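What follows is a single structure, written as structure tokens, with notes after it.
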Amino acid sequence: MNWDQIKGKWKQSKGQVKQQWGELTDDDLDVVDGKREELVGKVQERYGIAKEEAEKQVSDWETNFK
């Protein structure tokens, strides 16, 4: 699924995002609001990882998103 589809279904996607990254809060997900770069930034911030690693995690999640 491409990111435009994920963004279009953001309300439904939030549950899967929380399963993947449990440290993200509902407020974080409201700020992300379906924006990929915002999600990468929040994952990076909450988990204290490099941007490249956060980008990889989001890409892997995006590939497996159903």
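The values are calculated or read from the model by the stated rules, or taken from the named source; none is laboratory data. Here the structure is a predicted model, which is why all the values come from computation and not from measurement. All Cβ positions, even for glycine, are placed from backbone atoms using ideal geometry, and neighbour counts span all protein chains on display. For the accessible areas, the whole protein counts, side chains as well, though only heavy atoms, and no ligand, DNA or RNA atoms are used. Shrake-Rupley method; radii C 1.70, N 1.55, O 1.52, S 1.80 Å.
Can you pull out every residue in region 43-66 that is surrounded by 11 or more Cβ atoms within 10 Å (Cβ to Cβ), at pLDDT 95 or above and not in a helix (DSSP H, G or I)? Scanning region 43-66 gives a single hit, 49.
For region 1-40, the tally of residues that are open to solvent by less than 50 Å² (accessible area, probe 1.4 Å), more than 17 Å from residue 55 (Cβ to Cβ) and among the aliphatic types (A, V, I, L, M) stands at 1.
From the list 39, 24, the lone residue that is modelled with pLDDT of 95 or more and not in a helix (DSSP H, G or I) is 24. Candidates in region 1-21 are the residues that are of a type in the set (Gly, Ala, Ser) and within 16 Å of residue 64 (Cα to Cα); of these, the one that is modelled with the lowest pLDDT is 13.
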